[in-house]
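Chemist: First, the structure itself, so that you have it in front of you.
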Amino acid sequence: MHLQDEVRIPFADASEALLLFGPHDAYLTLIEEKSSAKIMTREGELVISGDKPEVDKLAELVGILLQLIRRGIALSERDISYAMMLTNQGDAAQLLDVYDEEVARTQRGKLIRAKTLGQRHYLSAIKKKDIVFGIGPAGTGKTYLAVVTAVNALKNARVKRIVLTRPAVEAGESLGFLPGDLQEKVDPYLRPLYDALYDMLGNEQVAKMMERGLIEVAPLAYMRGRTLEDSFVILDEAQNTTPEQMKMFLTRLGFGSKMVITGDVTQVDLPKGKKSGLREAQRILSPLADVAFIHFQEGDVVRHSLVQKIIQAYAKEEVEHNYG
């Protein structure tokens with residue numbers, strides 16, 4: 001039987017309590033659901049009581065969340081869940097490092113930061129290495145952060161252009177039967193890349209930069225036979241490349257360039273019997289010190305909290321029934 005304990009944590013003012021508890025006390029409810037300790041507010045302070053190990057854990061969590069609030073960081077339900085996960089792993093203090101770095105601002109002035117340790121490692125790897133693979137489930141910010149970093153590099157004249165590409169494998173043989181010219185046919189497959197660009201630069205600026213050749217968005221097949229120098233090149237949905245396409249793409253790397261390759265090896269849409277170029281690249285290139293592989297986990301999902309639960313449910317099904 002554990003010793004009972006009680007900890008009191010004072011608030012600097014009433015607004016701190018509101019920011020910690022969240023809209024309609026949603027964050028507080030989330031914390032209470034995942035802890036056996038009791039939480040109460042009393043005369044401008046938070047009172048945590050219960051078994052000593054739980055109280056200590058919760059006190060650490062609240063202390064770190066208050067530090068983030070005092071830094072002016074607006075917390076979301078996702079941030080609270082992630083903070084609790086790190087606390088349970090004994091890594092709560094690392095949360096302060098995660099939010100430390102300002103990555104960029106969107107065209108509307110919204111601040112972009114890393115939201116998880118996985119994202120922080122990913123951004124750090126992109127700074128240090130010329131080829132980086134970001135591998136993991138949907139919603140981990142792999143593509144978005146790569147585009148954000150590419151736009152930063154272009155704005156700061158570290159590269160002369162951005163090249164964004166992804167395989168149009170979903171279209172298969174039906175591409176010729178889709179309405180419109182070639183650009184209109186391939187655009188739906190490149191839409192996520194455009195969305196990130198619009199977020200960072202605005203529609204008009206993106207259109208102007210594309211006209212001037214500073215930004216190129218093209219299907220993977222267009223990369224053949226080229227050398228991409230002074231460029232920031234992003235290959236998205238890389239799990240749907242064949243090994244031959246992946247080799248072709250990687251060997252386009254020119255002087256002064258960076259490549260970021262993103263994908264999810266559990267979402268391969270290639271015809272049965274065809275190997276994924278992303279899986280093969282992992283196997284073949286892992287020994288190379290100059291190439292970084294960043295593996296995102298379920299805990300790195302930064303979309304709606306339900307997305308994380310969906311990923312976990314499918315992973316469980318796959319283990320139990322060899323699904324897919």
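The values are calculated or read from the model by the stated rules, or taken from the named source; none is laboratory data. None of these values were measured; they are calculated from a predicted model. All Cβ positions, even for glycine, are placed from backbone atoms using ideal geometry, and neighbour counts span all protein chains on display. Accessible surface areas use protein heavy atoms only, side chains included; no ligands, DNA or RNA. Shrake-Rupley method; radii C 1.70, N 1.55, O 1.52, S 1.80 Å.
Chemist: Given the conditions (1) free of Cβ contacts under 8 Å to residues at least 40 places away in the same chain; (2) touching a Leu at 6+ places or on another chain (Cβ under 7 Å), report the number of the one that residue 122 does not fulfil.
Modeler: Among (1) free of Cβ contacts under 8 Å to residues at least 40 places away in the same chain; (2) touching a Leu at 6+ places or on another chain (Cβ under 7 Å), residue 122 violates only (1).
Chemist: Something else about it: Which condition breaks for residue 36 when tested against (1) open to solvent by 80 Å² or more (accessible area, probe 1.4 Å); (2) assigned to a helix (DSSP H, G or I); (3) not basic (Lys, Arg)?
Modeler: Here residue 36 meets the rest and fails (2).
Chemist: Does the stretch 198-218 contain any residue that is among the aromatic types (Phe, Trp, Tyr), modelled with pLDDT under 95, surrounded by 15 or more Cβ atoms within 10 Å (Cβ to Cβ) and out of contact with any strand residue (DSSP E or B) (no Cβ under 8 Å at 6 or more places or on another chain)?
Modeler: The initial filter retains those residues of the stretch 198-218 that are among the aromatic types (Phe, Trp, Tyr), namely 198.
Adding the requirement that they be modelled with pLDDT under 95 leaves 198.
Those left that are additionally surrounded by 15 or more Cβ atoms within 10 Å (Cβ to Cβ): 198.
Now restrict to residues that are out of contact with any strand residue (DSSP E or B) (no Cβ under 8 Å at 6 or more places or on another chain): 198.
For the stretch 198-218, residues among the aromatic types (Phe, Trp, Tyr), modelled with pLDDT under 95, surrounded by 15 or more Cβ atoms within 10 Å (Cβ to Cβ) and out of contact with any strand residue (DSSP E or B) (no Cβ under 8 Å at 6 or more places or on another chain): present.
Chemist: Scan (1) out of contact with any helix residue (DSSP H, G or I) (no Cβ under 6 Å at 6 or more places or on another chain); (2) closer than 22 Å to residue 307 by Cβ; (3) at pLDDT 90 or above for the single condition residue 141 breaks and write down its number.
Modeler: Result: residue 141 fails condition (1) only.
Chemist: Moving to a separate point now. Please go through the stretch 221-237 and give me each residue that is crowded, with 17+ Cβ neighbours inside 10 Å, under 20 Å from residue 145 (Cα atoms) and not small (Gly, Ala, Ser), ordered by number. Before you say what the answer is, go through the steps one by one.
Modeler: Going residue by residue through the stretch 221-237, those that are crowded, with 17+ Cβ neighbours inside 10 Å are 223, 228, 231-237.
Next, only the ones that are under 20 Å from residue 145 (Cα atoms) stay: 231-237.
Matches in the stretch 221-237: 232, 233, 234, 235, 236, 237.
Chemist: Further question on the same structure: Looking at the stretch 256-275, which of its residues are in contact (Cβ under 8 Å) with a residue 40 or more places away in the chain and small (Gly, Ala, Ser)?
Modeler: The answer is 256, 257, 263.
Chemist: Does the stretch 259-278 contain at least one residue that is farther than 26 Å from residue 116 by Cβ, in contact with a Ser or Thr (Cβ under 8 Å, 6 or more places away or on another chain) and open to solvent by 70 Å² or more (accessible area, probe 1.4 Å)?
Modeler: Residues of the stretch 259-278 that are farther than 26 Å from residue 116 by Cβ, as a first pass: 269-275, 277.
Then drop every residue that is not in contact with a Ser or Thr (Cβ under 8 Å, 6 or more places away or on another chain), which leaves 270, 274-275, 277.
Adding the requirement that they be open to solvent by 70 Å² or more (accessible area, probe 1.4 Å) leaves 274-275.
Checking the stretch 259-278: at least one residue is farther than 26 Å from residue 116 by Cβ, in contact with a Ser or Thr (Cβ under 8 Å, 6 or more places away or on another chain) and open to solvent by 70 Å² or more (accessible area, probe 1.4 Å).
Chemist: So for the stretch 53-64 (the condition being under 23 Å from residue 299 (Cα atoms), of a type in the set (A, V, I, L, M, F, W, C), in contact (Cβ under 8 Å) with a residue 12 or more places away in the chain and open to solvent by 20 Å² or more (accessible area, probe 1.4 Å)), does at least one residue qualify?
Modeler: Yes, because at least one residue in the stretch 53-64 is under 23 Å from residue 299 (Cα atoms), of a type in the set (A, V, I, L, M, F, W, C), in contact (Cβ under 8 Å) with a residue 12 or more places away in the chain and open to solvent by 20 Å² or more (accessible area, probe 1.4 Å).
Chemist: Shifting gears a bit: Just for the stretch 234-252: of the residues that are among the aliphatic types (A, V, I, L, M) and farther than 22 Å from residue 138 by Cβ, which one is farthest from the chain's Cα centre (by Cα)?
Modeler: Filtering the stretch 234-252 down to residues among the aliphatic types (A, V, I, L, M) leaves 234-235, 238, 246, 248, 250.
Still in the running and farther than 22 Å from residue 138 by Cβ: 248, 250.
Numbers: 248: 26, 250: 22 Å.
The residue in question is 248.
Chemist: Further question on the same structure: With the structure loaded, tell me whether residue 15 is open to solvent by 30 Å² or more (accessible area, probe 1.4 Å) and at pLDDT below 90 or whether it fails that test. Step through it out loud before you land on a result.
Modeler: On the way: open to solvent by 30 Å² or more (accessible area, probe 1.4 Å): yes; at pLDDT below 90: no.
So residue 15 does not fit the description; no.
Chemist: Take residue 168 and decide whether it is modelled with pLDDT of 95 or more and under 21 Å from residue 281 (Cβ atoms).
Modeler: Working: modelled with pLDDT of 95 or more: no; under 21 Å from residue 281 (Cβ atoms): yes.
Taking the combined requirement at face value, the residue does not satisfy it.
Chemist: When the residues of the stretch 103-124 are narrowed to those that are under 17 Å from residue 199 (Cβ atoms) and of a type in the set (Lys, Arg), which ends up surrounded by the most Cβ atoms within 10 Å (Cβ to Cβ)?
Modeler: Result: 115.
Chemist: Which of the residues that make up the stretch 45-60 are in contact with a helix residue (DSSP H, G or I) (Cβ under 9 Å, 6 or more places away or on another chain) and under 20 Å from residue 94 (Cα atoms)?
Modeler: 57, 58, 60
Chemist: Among the residues of the stretch 238-255, write down those that are open to solvent by 50 Å² or more (accessible area, probe 1.4 Å) and in contact (Cβ under 8 Å) with a residue 60 or more places away in the chain. Steps first, answer last, please.
Modeler: As a first pass, look at the stretch 238-255 and keep what is open to solvent by 50 Å² or more (accessible area, probe 1.4 Å): 244-245, 247, 251, 253, 255.
Hits for the stretch 238-255 are 245, 253.
Chemist: Here is a list of conditions, (1) more than 10 Å from the chain's Cα centre (by Cα); (2) crowded, with 19+ Cβ neighbours inside 10 Å, and residue 152 meets all of them except one; can you say which number that is?
Modeler: In the conditions (1) more than 10 Å from the chain's Cα centre (by Cα); (2) crowded, with 19+ Cβ neighbours inside 10 Å, residue 152 misses (2) alone.
Chemist: Within the stretch 65-91, take every residue that is among the charged types (D, E, K, R) and closer than 18 Å to residue 111 by Cβ and give me the one that is surrounded by the most Cβ atoms within 10 Å (Cβ to Cβ).
Modeler: Looking only at the stretch 65-91, we keep the residues that are among the charged types (D, E, K, R), and these are 70-71, 77-79, 91.
Going one step further and asking which of them are closer than 18 Å to residue 111 by Cβ, we end up with 70-71, 78-79.
Working: 70: 11, 71: 10, 78: 18, 79: 21.
In this case the residue turns out to be 79.
Chemist: Of the conditions (1) crowded, with 18+ Cβ neighbours inside 10 Å; (2) touching a residue at least 24 places away in the same chain (Cβ under 8 Å), residue 49 fails just one. Which one is it?
Modeler: Status for residue 49: all satisfied but (1).
Chemist: Looking only at residues in the stretch 284-306 that are among the charged types (D, E, K, R) and under 19 Å from the mean Cα position of the chain (by Cα), which one is least open to solvent (accessible area, probe 1.4 Å)? Can you show your working first?
Modeler: Filtering the stretch 284-306 for residues among the charged types (D, E, K, R) gives 290, 298, 300, 303.
In the following step, the residues that additionally are under 19 Å from the mean Cα position of the chain (by Cα) were identified as 298, 300, 303.
Numbers: 298: 67, 300: 10, 303: 136 Å².
It comes out as 300.
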